[in-house]
Amino acid sequence: MHQLTSTSKIGWIGTGVMGRSMCEHILDAGYPVTVFTRTPAKAQSLLEKGAIWADSPQQVAETSEIIFSMVGYPVDVRAVYLGETGILRGATPGTIAIDMTTTQPSLAQEIYQHARQKDIYTLDAPVSGGDVGAKNGTLSIMIGGDKMAVDTVMPLFQLLGKTMVYQGEAGAGQHAKMCNQIAIAGTMIGVCESLLYGYKAGLDLETMLQSIRGGAAACWTLDNLAPRILQRNFDPGFFVDHFVKDMAIALDEARRMNLSLPGLALVHQLYVAVQAQGHGLKGTHALTRALEHINGITPTT
């Protein structure tokens, strides 16, 4: 297994809303970084900071000792790791590859098994904290895989987050992220419905938030997303489309475990309505738009 030094060659695949900021932290710490993303323009700011461009995940792997990936969907993860020009085609024995995408626990386990056959170590390390956490380096990181590999790359995780917890064997990080997404789903509908109730009751919503954010209702969503809703700013910190994907994974896993999660199923269906209204590329707080529509409330934007 490659050991981490100040000159370790780092690879980064995926520079979207969160991935770009996360990669910047690695660059700012002085590590040499090779980057690939499907839309080269999204990597421009990283290239200006000194990152080196690669033409495929395989090419990233050929020149890197430790590789991070942060892409969109399970199909993307599969292609990045197991595809014809994927990481496992180019990585050398001892490489550590860390997928920070939220994806299927079973896929994380499959990738792990393929990698170990080549003496490559993979970790599933999904994150929570959205664009704010990515920019500030304050993400919560849930980690599955070999503990020795986790310990090796922990200084890199510390550049990205403030809460890093080892969950267990391959796939455990993804299962923990499903727990996170289930909790967020319930919290999000509660926050959105609270704002709608306050609106219909004629309250000043800014004043109302001052009270409930300081009590038992206090949470990240109230602090970070409720103000965006009031500003009618639905720019994504995390895409609706990606959240629908995450909830579907959790529901599939729940069915496999013979577990009923009616609250999650309800919120999932409401988010499907948000997609149907054309807001799939908005932030997750755009759930309020579906609830406004149900209640006949016409938004100002």
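The numbers here are math on the coordinates, done by the rules we state, and not lab data. Everything quoted here is computed from the prediction, not taken from an experiment. Counting neighbours? That spans all protein chains shown, and the Cβs are built from the backbone with ideal geometry, glycine included.
Some observations on this one:
- Förster radius 30 Å - calculated FRET efficiency between Ser6 and Asn136 (Cβ-Cβ, nearest 0.05): 0.80
- With θ taken as phi - 60° and the Karplus curve 6.51 cos²θ - 1.76 cosθ + 1.60 applied, the whole-hertz 3J(HN,Hα) list for the stretch 222-237 is 5, 6, 9, 9, 4, x, 5, 4, 5, 7, 6, 9, 10, 4, x, x Hz, x standing for glycine and proline.
- Descending Cα extents along the principal axes, the stretch 216-301, whole Å: 43, 32, 23
- Fraction of antiparallel bridges per DSSP, the chain only, in percent to nearest 5: 15
- Calculated FRET efficiency for the pair Asn224/Gln277, C-beta based, R₀ 22 Å, to 0.05: 0.45
- The convex hull of the Cα atoms of the stretch 87-135, projected and averaged over all directions, covers 3.9 nm².
- With the convex hull of the Cα atoms taken as the outline of the chain, the averaged projected area works out to 15.9 nm².
- Positive-end extreme of charge dipole, the chain - chosen from Tyr112, Ala276, Ala172 (charges on Cβ): Ala276
- Under-5 Å amide H pairs with Thr34, H placed in peptide plane, nonlocal only: Ile10, Gly11, Trp12, Ile52
- Ranked Met188, Met142, Met148, criterion: other C-beta atoms within 10 Å, fewest first: Met148, Met188, Met142
- Helix screen, the chain: no DSSP H segment has Cα axial length of 30 Å or more and mean Kyte-Doolittle hydropathy at least 0.5.
- Taking the square roots of five times each eigenvalue of the Cα gyration tensor of the stretch 90-249, the equivalent ellipsoid has semi-axes of 37, 15, 12 Å, listed largest first.
- Value at 222 nm in deg cm²/dmol, rounded to 500, when DSSP H runs of n ≥ 4 in the chain each add -39,500 (n - 2.57): -15000 deg cm²/dmol
- Full-stretch length increase - Val165, Gln231 - with 0.36 nm per residue and alpha-carbon distance subtracted: 20.3 nm
- Computed from point charges on the beta carbon alone (+1 for Lys and Arg, -1 for Asp and Glu), the dipole magnitude for the chain about its Cα centre is near 300 Debye.
- Three-way shape call for the stretch 10-169 based on the alpha-carbon gyration tensor, with the a/c threshold at 1.5: rounded
- Residues in the stretch 270-298 reached by a label modelled at Lys200 [backbone nitrogen below 13 Å; 7 Å Cα→Cβ]: 291-298
- FRET efficiency for the pair Glu48 and Ser106, taken as 1/(1 + (r/R0)^6) with r the Cβ-Cβ distance and R0 = 51 Å, rounds to 0.85.
- Cα-projected label distance for Leu82 with Glu292, points at 7 Å along beta-carbon direction, nm: 4.2
- Above-threshold pairs, the threshold being 19 Å between Cα atoms, out of Lys135/Lys162; Lys49/Lys135; Lys42/Lys135; Lys177/Lys282; Lys42/Lys245: Lys177/Lys282; Lys42/Lys245
- Among Met70, Met22, a tally of other beta-carbon atoms within 10 Å of each Cβ gives an order, fewest to most, of Met22, Met70.
- Calculated from backbone phi, Karplus (6.51, -1.76, 1.60) coupling profile of the stretch 6-14 in Hz, x at Gly/Pro: 5, 10, 4, 7, 9, x, 9, 10, x
- Under-5 Å amide H pairs with Thr95, H placed in peptide plane, nonlocal only: His2, Tyr121
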